[in-house]
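Below: the structure, in structure tokens.
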Amino acid sequence: MTKTHARFIIALAAVSLCAGTALAQARDPAYAAARAAGEVGEQPDGYLGVVGDGSPEIHKLVNGINIQRKAAYTRGAGSGATIEQFAFVSGCNLIAKTAPGEKYKAPSGEWKTRTSAAPERDPRCI
């Protein structure tokens, strides 16, 4: 299997896995409220992050979501990728899917607010 083919398989699996995970998270009103308020944001590593200090409730929410994501990445990584590779591709896709006004972490490590323009993503994102 070529590197390009492996990347395609990882990306395809990550997209389908993220869709299911995102749907489950979208049903959580606390998550939706935190996302809308800019208290949480997507990170390049595929995990949700707390923007700023965050309350204990926000940290608990983010930890719970990240446990679900790690489990999903672990299941998806069986297709020839490591969990970290699978999570990274998922992070690329999740950042790309942010809506204007939502937070994401740029490659520089800085939290950004998505505008109508494409978000800044790691150059390795395909």
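The values are calculated or read from the model by the stated rules, or taken from the named source; none is laboratory data. None of these values were measured; they are calculated from a predicted model. SASA here: full protein model, heavy atoms, side chains in, ligands and nucleic acids out. Shrake-Rupley method; radii C 1.70, N 1.55, O 1.52, S 1.80 Å.
At 1.4 Å probe size, what's the solvent-accessible area of residue 45? Round to the nearest 10 Å².
It works out to around 70 Å².
So for 115, 98, what's the accessible-area order with a 1.4 Å probe, most first? Can you show the working numbers first?
Working: 115 80, 98 10 Å².
Accessible-area ranking of 115, 98, largest first: 115, 98.
Using 0.36 nm times the number of residues separating residue 96 and residue 118, minus their current alpha carbon distance, what extension gain do you get?
Working: separation 22, 0.36 × 22 = 7.92 nm, distance 0.71 nm.
Separation in residues times 0.36 nm, less the Cα-Cα distance, equals 7.2 nm.
Apply the Karplus parameterisation 6.51 cos²θ - 1.76 cosθ + 1.60, with θ equal to phi minus 60°, to every residue of the range 102-114 and state each ³J(HN,Hα) to the nearest whole Hz, in sequence, with x for glycine and proline.
Values, residue by residue: 8, 8, 8, 9, 6, x, 6, x, 8, 6, 10, 9, 5 Hz.
Order 116, 55, 108, most accessible first, counting only protein heavy atoms with a 1.4 angstrom probe.
Numbers: 116 115, 55 40, 108 90 Å².
I get 116, 108, 55, largest accessible area first.
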